[in-house]
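What follows is a set of notes on a single structure, which appears directly below.
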(Lines give C-alpha, C1' and ligand atoms only; values in the text may rest on other atoms or scores of the structure.)
Protein backbone atom coordinates (compact mmCIF):
# COMPACT_ATOMS: atom_id res chain seq x y z
CA UNK A 1 0.00 0.00 0.00
CA UNK A 2 1.42 3.46 -0.82
CA UNK A 3 2.84 5.33 2.23
CA UNK A 4 0.36 8.15 1.56
CA UNK A 5 -2.56 5.77 2.27
CA UNK A 6 -3.65 3.56 5.19
CA UNK A 7 -6.42 1.13 5.99
CA UNK A 8 -6.37 2.49 9.57
CA UNK A 9 -8.23 5.57 10.72
CA UNK A 10 -5.48 8.04 11.67
CA UNK A 11 -5.35 11.47 13.26
CA UNK A 12 -1.97 12.88 14.34
CA UNK A 13 -1.10 16.20 15.95
CA UNK A 14 2.35 17.58 16.62
CA UNK A 15 2.59 18.88 20.20
CA UNK A 16 5.48 21.29 19.65
CA UNK A 17 5.87 22.35 23.28
CA UNK A 18 6.28 18.71 24.36
CA UNK A 19 8.18 17.44 21.29
CA UNK A 20 5.61 14.68 20.92
CA UNK A 21 3.51 13.45 18.03
CA UNK A 22 0.14 12.32 19.38
CA UNK A 23 -1.44 9.76 17.06
CA UNK A 24 -4.94 8.34 17.43
CA UNK A 25 -5.43 5.13 15.47
CA UNK A 26 -8.62 3.22 14.78
CA UNK A 27 -7.82 -0.38 13.92
CA UNK A 28 -10.07 -2.43 11.61
CA UNK A 29 -9.20 -5.54 13.68
CA UNK A 30 -8.43 -6.18 17.37
CA UNK A 31 -4.74 -5.62 18.22
CA UNK A 32 -2.62 -5.26 21.36
CA UNK A 33 -0.44 -2.38 22.51
CA UNK A 34 2.68 -4.43 21.77
CA UNK A 35 1.75 -4.49 18.07
CA UNK A 36 2.55 -0.76 17.70
CA UNK A 37 6.25 -0.08 17.12
CA UNK A 38 8.54 2.46 15.48
CA UNK A 39 10.58 1.14 12.57
CA UNK A 40 12.79 3.41 10.44
CA UNK A 41 10.80 6.52 11.40
CA UNK A 42 7.50 4.78 10.62
CA UNK A 43 4.66 3.90 12.98
CA UNK A 44 3.92 0.23 12.34
CA UNK A 45 1.21 -2.13 13.56
CA UNK A 46 2.56 -5.67 13.14
CA UNK A 47 3.80 -5.40 9.54
CA UNK A 48 1.43 -2.65 8.36
CA UNK A 49 2.75 0.89 8.06
CA UNK A 50 0.29 3.28 9.68
CA UNK A 51 2.18 6.56 9.30
CA UNK A 52 5.51 7.47 7.72
CA UNK A 53 6.85 10.44 9.71
CA UNK A 54 9.51 11.25 7.12
CA UNK A 55 6.82 12.39 4.67
CA UNK A 56 6.00 15.26 7.05
CA UNK A 57 9.58 16.22 8.01
CA UNK A 58 9.26 14.68 11.47
CA UNK A 59 12.00 12.64 13.14
CA UNK A 60 11.17 10.21 15.94
CA UNK A 61 13.42 9.14 18.78
CA UNK A 62 13.09 6.33 21.31
CA UNK A 63 10.02 4.14 21.36
CA UNK A 64 6.30 4.86 21.13
CA UNK A 65 3.77 4.36 23.91
CA UNK A 66 0.28 3.07 23.09
CA UNK A 67 -2.77 2.88 25.30
CA UNK A 68 -6.35 1.93 24.37
CA UNK A 69 -9.46 3.96 24.96
CA UNK A 70 -13.06 3.35 23.97
CA UNK A 71 -15.15 5.73 21.93
CA UNK A 72 -18.69 5.52 20.63
CA UNK A 73 -19.53 6.37 17.04
CA UNK A 74 -22.87 6.36 15.18
CA UNK A 75 -21.79 3.34 13.15
CA UNK A 76 -20.23 1.21 15.85
CA UNK A 77 -21.54 1.17 19.43
CA UNK A 78 -18.09 0.35 20.82
CA UNK A 79 -14.95 0.85 18.75
CA UNK A 80 -11.49 0.36 20.21
CA UNK A 81 -9.06 3.11 19.27
CA UNK A 82 -5.49 3.67 20.36
CA UNK A 83 -3.75 6.76 21.68
CA UNK A 84 -0.06 6.62 20.73
CA UNK A 85 2.62 9.10 21.76
CA UNK A 86 5.79 9.28 19.68
CA UNK A 87 8.77 11.28 21.07
CA UNK A 88 10.24 13.63 18.46
CA UNK A 89 13.73 15.01 18.10
CA UNK A 90 13.93 18.54 19.55
CA UNK A 91 13.58 21.45 17.16
CA UNK A 92 14.41 25.14 17.84
CA UNK A 93 11.59 27.27 19.20
CA UNK A 94 10.02 29.44 16.50
CA UNK A 95 8.70 32.93 17.39
CA UNK A 96 5.26 33.96 16.20
CA UNK A 97 5.88 34.92 12.54
CA UNK A 98 4.32 37.67 10.49
CA UNK A 99 1.82 36.37 7.98
CA UNK A 100 2.70 37.13 4.34
CA UNK A 101 0.99 40.13 2.81
CA UNK A 102 -1.85 39.31 0.43
CA UNK A 103 -1.98 41.51 -2.67
CA UNK A 104 0.47 44.15 -1.46
CA UNK A 105 1.11 47.42 -3.30
CA UNK A 106 4.20 45.81 -4.82
CA UNK A 107 2.10 42.88 -6.07
CA UNK A 108 -0.36 45.24 -7.77
CA UNK A 109 2.38 47.27 -9.46
CA UNK A 110 4.36 44.19 -10.51
CA UNK A 111 1.24 42.55 -11.89
CA UNK A 112 0.36 45.64 -13.93
CA UNK A 113 -3.17 45.70 -12.56
CA UNK A 114 -5.88 47.37 -14.62
CA UNK A 115 -9.04 46.82 -12.57
CA UNK A 116 -10.45 45.79 -9.23
CA UNK A 117 -13.63 43.83 -9.91
CA UNK A 118 -16.33 42.02 -7.97
CA UNK A 119 -15.20 38.45 -7.38
CA UNK A 120 -18.70 37.10 -7.99
CA UNK A 121 -19.83 38.82 -11.21
CA UNK A 122 -16.62 40.51 -12.47
CA UNK A 123 -18.31 43.93 -12.36
CA UNK A 124 -15.48 46.49 -12.53
CA UNK A 125 -15.39 48.59 -9.37
CA UNK A 126 -12.13 50.50 -9.91
CA UNK A 127 -10.30 51.17 -13.16
CA UNK A 128 -6.62 51.96 -12.83
CA UNK A 129 -5.95 55.41 -14.21
CA UNK A 130 -2.25 55.55 -13.35
CA UNK A 131 -3.10 55.44 -9.63
CA UNK A 132 -0.30 55.43 -7.10
CA UNK A 133 -0.19 52.38 -4.81
CA UNK A 134 1.09 52.51 -1.25
CA UNK A 135 1.01 50.00 1.58
CA UNK A 136 -0.69 51.10 4.79
CA UNK A 137 0.80 50.47 8.25
CA UNK A 138 -0.54 47.84 10.62
CA UNK A 139 -4.24 48.02 11.40
CA UNK A 140 -3.27 48.79 15.01
CA UNK A 141 -0.73 51.56 14.31
CA UNK A 142 -2.89 54.19 16.01
CA UNK A 143 -2.79 52.30 19.32
CA UNK A 144 0.96 51.66 19.13
CA UNK A 145 2.06 55.14 18.10
CA UNK A 146 3.07 56.09 21.64
CA UNK A 147 5.56 53.21 21.59
CA UNK A 148 7.13 54.72 18.47
CA UNK A 149 7.16 58.34 19.70
CA UNK A 150 8.81 57.77 23.05
CA UNK A 151 11.15 60.79 23.16
CA UNK A 152 8.47 63.50 23.43
CA UNK A 153 7.59 64.49 26.97
CA UNK A 154 4.36 66.43 26.49
CA UNK A 155 1.14 64.58 25.58
CA UNK A 156 -0.02 67.41 23.33
CA UNK A 157 3.01 66.85 21.12
CA UNK A 158 1.69 63.37 20.28
CA UNK A 159 -1.54 64.76 18.92
CA UNK A 160 0.28 66.35 16.00
CA UNK A 161 1.25 62.87 14.85
CA UNK A 162 -2.16 61.24 15.37
CA UNK A 163 -3.76 62.35 12.14
CA UNK A 164 -6.02 59.73 10.53
CA UNK A 165 -5.01 58.20 7.21
CA UNK A 166 -7.30 59.58 4.50
CA UNK A 167 -8.07 58.17 1.06
CA UNK A 168 -7.18 60.51 -1.81
CA UNK A 169 -8.23 60.68 -5.48
CA UNK A 170 -5.78 58.93 -7.78
CA UNK A 171 -4.32 56.83 -4.97
CA UNK A 172 -4.84 53.22 -3.85
CA UNK A 173 -3.92 52.56 -0.24
CA UNK A 174 -3.34 48.88 0.40
CA UNK A 175 -4.15 47.61 3.88
CA UNK A 176 -3.54 44.12 5.19
CA UNK A 177 -7.09 43.03 4.40
CA UNK A 178 -8.64 45.71 2.18
CA UNK A 179 -8.07 48.39 -0.47
CA UNK A 180 -8.76 51.92 0.80
CA UNK A 181 -9.91 54.28 -1.96
CA UNK A 182 -11.48 57.68 -2.39
CA UNK A 183 -14.99 57.56 -3.83
CA UNK A 184 -13.79 59.47 -6.91
CA UNK A 185 -11.72 56.39 -7.86
CA UNK A 186 -14.84 54.23 -8.17
CA UNK A 187 -16.66 53.52 -11.41
CA UNK A 188 -20.20 55.03 -11.60
CA UNK A 189 -22.72 53.00 -9.59
CA UNK A 190 -20.06 50.38 -8.88
CA UNK A 191 -21.19 49.98 -5.27
CA UNK A 192 -24.34 50.80 -3.33
CA UNK A 193 -24.93 51.03 0.43
CA UNK A 194 -26.74 48.22 2.20
CA UNK A 195 -30.15 49.84 2.33
CA UNK A 196 -31.29 47.96 5.42
CA UNK A 197 -28.29 49.15 7.43
CA UNK A 198 -28.52 52.64 5.96
CA UNK A 199 -32.12 52.97 7.16
CA UNK A 200 -31.05 52.18 10.72
CA UNK A 201 -28.43 54.94 10.92
CA UNK A 202 -29.14 57.80 13.32
CA UNK A 203 -27.35 60.77 11.81
CA UNK A 204 -28.06 62.93 14.87
CA UNK A 205 -25.81 60.81 17.09
CA UNK A 206 -22.10 60.12 17.03
CA UNK A 207 -19.70 61.22 14.32
CA UNK A 208 -20.66 63.19 11.23
CA UNK A 209 -19.61 60.32 8.99
CA UNK A 210 -20.68 56.67 9.29
CA UNK A 211 -19.15 53.44 8.05
CA UNK A 212 -21.86 51.36 6.36
CA UNK A 213 -21.64 48.05 4.54
CA UNK A 214 -21.55 48.37 0.73
CA UNK A 215 -22.61 45.87 -1.95
CA UNK A 216 -21.78 45.35 -5.60
CA UNK A 217 -24.00 47.56 -7.73
CA UNK A 218 -24.51 44.70 -10.21
CA UNK A 219 -24.98 41.46 -8.22
CA UNK A 220 -25.64 42.81 -4.71
CA UNK A 221 -22.89 40.79 -2.98
CA UNK A 222 -20.98 42.33 -0.08
CA UNK A 223 -17.89 44.26 -1.21
CA UNK A 224 -16.74 46.04 1.94
CA UNK A 225 -17.50 49.18 3.93
CA UNK A 226 -18.16 52.74 2.79
CA UNK A 227 -17.68 56.01 4.67
CA UNK A 228 -20.82 58.10 4.20
CA UNK A 229 -21.85 61.62 5.08
CA UNK A 230 -25.29 63.19 4.96
CA UNK A 231 -25.88 66.50 3.19
CA UNK A 232 -29.25 68.09 2.48
CA UNK A 233 -31.02 64.88 3.37
CA UNK A 234 -28.95 62.73 0.97
CA UNK A 235 -26.18 60.26 1.79
CA UNK A 236 -22.91 60.57 -0.10
CA UNK A 237 -20.05 58.07 -0.09
CA UNK A 238 -16.66 59.62 0.63
CA UNK A 239 -14.33 56.61 0.71
CA UNK A 240 -14.51 52.82 0.60
CA UNK A 241 -12.71 49.81 1.98
CA UNK A 242 -12.94 46.95 -0.52
CA UNK A 243 -12.30 43.65 1.27
CA UNK A 244 -9.67 41.61 -0.54
CA UNK A 245 -11.65 38.39 -0.13
CA UNK A 246 -14.61 39.99 -1.95
CA UNK A 247 -12.82 41.33 -5.03
CA UNK A 248 -10.60 40.17 -7.88
CA UNK A 249 -7.54 41.86 -9.35
CA UNK A 250 -7.53 42.04 -13.15
CA UNK A 251 -5.83 40.81 -15.19
CA UNK A 252 -5.72 37.54 -13.28
CA UNK A 253 -2.26 36.23 -12.49
CA UNK A 254 -1.83 32.63 -11.36
CA UNK A 255 1.34 33.62 -9.47
CA UNK A 256 -0.72 35.85 -7.18
CA UNK A 257 -2.58 33.59 -4.76
CA UNK A 258 -6.13 34.82 -4.33
CA UNK A 259 -6.89 35.42 -0.65
CA UNK A 260 -9.93 33.78 0.87
CA UNK A 261 -11.92 34.93 3.87
CA UNK A 262 -10.23 32.43 6.19
CA UNK A 263 -6.82 33.90 5.29
CA UNK A 264 -8.05 37.35 6.28
CA UNK A 265 -9.60 36.06 9.51
CA UNK A 266 -6.38 34.34 10.57
CA UNK A 267 -4.41 37.50 9.74
CA UNK A 268 -6.83 39.60 11.79
CA UNK A 269 -6.47 37.27 14.76
CA UNK A 270 -2.68 37.19 14.58
CA UNK A 271 -2.39 40.99 14.36
CA UNK A 272 -4.77 41.46 17.29
CA UNK A 273 -2.93 38.83 19.34
CA UNK A 274 0.35 40.71 18.90
CA UNK A 275 -1.06 44.20 19.43
CA UNK A 276 -3.38 43.44 22.35
CA UNK A 277 -1.81 40.30 23.81
CA UNK A 278 -5.20 38.60 23.58
CA UNK A 279 -6.21 35.11 22.53
CA UNK A 280 -9.98 35.51 22.87
CA UNK A 281 -12.19 36.69 20.01
CA UNK A 282 -15.88 37.25 19.39
CA UNK A 283 -16.94 36.77 15.76
CA UNK A 284 -19.82 39.15 15.09
CA UNK A 285 -22.04 39.67 12.05
CA UNK A 286 -21.88 43.10 10.41
CA UNK A 287 -25.54 43.32 9.51
CA UNK A 288 -27.26 41.45 12.32
CA UNK A 289 -24.78 42.20 15.15
CA UNK A 290 -25.19 38.54 16.07
CA UNK A 291 -22.28 36.89 17.87
CA UNK A 292 -21.72 33.75 15.84
CA UNK A 293 -18.76 32.26 17.64
CA UNK A 294 -16.34 32.61 20.51
CA UNK A 295 -12.81 31.67 19.55
CA UNK A 296 -9.95 30.93 21.90
CA UNK A 297 -6.56 30.82 20.17
CA UNK A 298 -4.98 27.73 21.69
CA UNK A 299 -1.90 27.25 19.49
CA UNK A 300 -0.78 29.56 16.68
CA UNK A 301 1.54 26.99 15.08
CA UNK A 302 0.29 23.42 14.89
CA UNK A 303 0.57 20.60 12.38
CA UNK A 304 -1.97 17.83 11.94
CA UNK A 305 -1.95 14.79 9.67
CA UNK A 306 -5.18 12.87 9.04
CA UNK A 307 -6.85 10.56 6.54
CA UNK A 308 -10.54 11.37 7.15
CA UNK A 309 -10.85 8.00 8.89
CA UNK A 310 -12.76 9.37 11.90
CA UNK A 311 -15.28 11.46 9.97
CA UNK A 312 -18.84 10.41 10.76
CA UNK A 313 -19.85 10.25 7.08
CA UNK A 314 -16.97 8.12 5.79
CA UNK A 315 -18.02 4.95 3.98
CA UNK A 316 -17.26 1.62 5.59
CA UNK A 317 -16.54 0.18 2.16
CA UNK A 318 -13.76 2.74 1.68
CA UNK A 319 -10.95 0.89 3.44
CA UNK A 320 -8.17 3.12 2.07
CA UNK A 321 -7.81 6.72 3.21
CA UNK A 322 -5.38 9.21 1.69
CA UNK A 323 -3.42 11.39 4.10
CA UNK A 324 -3.70 15.17 4.30
CA UNK A 325 -1.43 17.61 6.12
CA UNK A 326 -2.55 20.93 7.59
CA UNK A 327 -0.47 23.72 9.12
CA UNK A 328 -2.32 26.38 11.02
CA UNK A 329 -4.03 27.44 14.22
CA UNK A 330 -5.51 25.17 16.82
CA UNK A 331 -8.49 26.88 18.41
CA UNK A 332 -11.30 26.28 20.85
CA UNK A 333 -14.64 27.61 19.71
CA UNK A 334 -18.19 27.76 21.01
CA UNK A 335 -21.52 28.87 19.63
CA UNK A 336 -22.10 32.53 20.38
CA UNK A 337 -25.54 31.79 21.80
CA UNK A 338 -23.96 29.88 24.69
CA UNK A 339 -21.42 32.29 26.20
CA UNK A 340 -21.80 35.35 23.97
CA UNK A 341 -23.19 37.70 26.65
CA UNK A 342 -20.52 36.68 29.13
CA UNK A 343 -17.65 37.19 26.70
CA UNK A 344 -19.10 40.48 25.44
CA UNK A 345 -18.33 41.94 28.88
CA UNK A 346 -14.78 40.58 28.84
CA UNK A 347 -12.35 43.41 28.06
CA UNK A 348 -9.64 40.93 27.13
CA UNK A 349 -11.73 39.61 24.21
CA UNK A 350 -11.47 41.32 20.81
CA UNK A 351 -14.55 41.83 18.62
CA UNK A 352 -13.96 40.87 14.97
CA UNK A 353 -16.82 42.00 12.74
CA UNK A 354 -17.44 40.47 9.29
CA UNK A 355 -20.30 40.17 6.81
CA UNK A 356 -22.83 37.62 8.06
CA UNK A 357 -22.38 35.45 4.96
CA UNK A 358 -18.74 34.89 5.84
CA UNK A 359 -19.54 34.28 9.52
CA UNK A 360 -21.74 31.38 8.38
CA UNK A 361 -18.89 30.15 6.18
CA UNK A 362 -16.52 30.26 9.14
CA UNK A 363 -18.84 28.19 11.32
CA UNK A 364 -19.17 25.55 8.62
CA UNK A 365 -15.40 25.33 8.24
CA UNK A 366 -14.85 25.04 11.99
CA UNK A 367 -17.40 22.25 12.27
CA UNK A 368 -15.78 20.43 9.33
CA UNK A 369 -12.37 20.68 11.01
CA UNK A 370 -13.77 19.24 14.26
CA UNK A 371 -15.14 16.26 12.31
CA UNK A 372 -11.56 15.25 11.42
CA UNK A 373 -10.85 14.49 15.07
CA UNK A 374 -11.70 11.25 16.83
CA UNK A 375 -15.04 11.68 18.64
CA UNK A 376 -13.42 11.69 22.09
CA UNK A 377 -11.17 14.64 21.15
CA UNK A 378 -13.74 16.91 19.50
CA UNK A 379 -14.59 18.72 22.74
CA UNK A 380 -12.34 19.89 25.51
CA UNK A 381 -12.76 17.63 28.54
CA UNK A 382 -10.71 18.72 31.52
CA UNK A 383 -11.92 18.84 35.14
CA UNK A 384 -9.78 21.94 35.86
CA UNK A 385 -11.34 23.89 32.96
CA UNK A 386 -15.02 23.84 33.82
CA UNK A 387 -15.73 27.03 31.84
CA UNK A 388 -14.50 25.36 28.65
CA UNK A 389 -16.98 22.46 28.64
CA UNK A 390 -19.01 24.08 25.83
CA UNK A 391 -15.98 24.55 23.59
CA UNK A 392 -15.15 22.42 20.57
CA UNK A 393 -11.67 21.83 19.18
CA UNK A 394 -11.05 23.09 15.65
CA UNK A 395 -8.34 24.09 13.21
CA UNK A 396 -7.83 26.96 10.77
CA UNK A 397 -5.29 26.77 7.93
CA UNK A 398 -2.47 29.28 7.86
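Kindly establish whether residue 295 is outside the structural domain of residue 393 (by TED's automatic domain parsing) and over 24 Å from residue 197 (Cα atoms). The answer is no for residue 295. For the range 79-108, a residue qualifies if it is outside any loop (DSSP other than H, G, I, E, B), more than 30 Å from residue 179 (Cα to Cα) and either in the same structural domain as residue 133 (by TED's automatic domain parsing) or at pLDDT 90 or above (or both), and the qualifying residues are 82, 83, 84, 85, 86, 87, 88.
Only a single criterion out of (1) assigned to a strand (DSSP E or B); (2) surrounded by fewer than 20 Cβ atoms within 10 Å (Cβ to Cβ) is not satisfied by residue 202, namely (1).
Restricting the range 162-185 to residues that are closer than 18 Å to residue 245 by Cα and out of contact with any strand residue (DSSP E or B) (no Cβ under 6 Å at 6 or more places or on another chain) leaves a set whose member that is surrounded by the fewest Cβ atoms within 10 Å (Cβ to Cβ) is 175.
Within the range 212-225, the set of residues being more than 24 Å from the chain's Cα centre (by Cα) and either surrounded by fewer than 17 Cβ atoms within 10 Å (Cβ to Cβ) or without any contact (Cβ under 8 Å) to a residue 40 or more places away in the chain (or both) comprises 219, 220.
Only a single item in (1) modelled with pLDDT of 80 or more; (2) more than 30 Å from residue 180 (Cβ to Cβ); (3) assigned to a loop (DSSP other than H, G, I, E, B); (4) in contact with a strand residue (DSSP E or B) (Cβ under 9 Å, 6 or more places away or on another chain) is not met by residue 73, and it is number (1). Out of 350, 301, 308, which single residue is at positive phi, touching a residue at least 40 places away in the same chain (Cβ under 8 Å) and not assigned by TED's automatic domain parsing to the domain that holds residue 193? Selected residue: 308, the only one of 350, 301, 308 that is at positive phi, touching a residue at least 40 places away in the same chain (Cβ under 8 Å) and not assigned by TED's automatic domain parsing to the domain that holds residue 193. Of the set (1) within 15 Å of residue 119 (Cα to Cα); (2) in a strand (DSSP E or B), all apply to residue 220 but (2).
Among the residues of the range 244-262, the ones that are in contact with a helix residue (DSSP H, G or I) (Cβ under 7 Å, 6 or more places away or on another chain) and either in a strand (DSSP E or B) or modelled with pLDDT under 90 (or both) come to 4 in all.
Tallying residues that are touching a strand residue (DSSP E or B) at 6+ places or on another chain (Cβ under 6 Å), under 21 Å from residue 392 (Cβ atoms) and not in a strand (DSSP E or B) within the range 274-306 yields 2.
Please report, ordered by residue number, the strands (runs of 3 or more DSSP E) entirely within the range 16-66 with at least 2 residues that are without any contact (Cβ under 8 Å) to a residue 40 or more places away in the chain, assigned by TED's automatic domain parsing to the domain that holds residue 372 and surrounded by 11 or more Cβ atoms within 10 Å (Cβ to Cβ). Counting at least 2 such residues, we get 42-45. Number of residues in the range 335-361 that are modelled with pLDDT of 90 or more and outside any strand (DSSP E or B) equals 7.
The values are calculated or read from the model by the stated rules, or taken from the named source; none is laboratory data. Everything numeric here is computed off the predicted structure, so don't read it as measured data. Cβ: placed from backbone, ideal geometry, glycine included. Neighbour counts: every protein chain shown.
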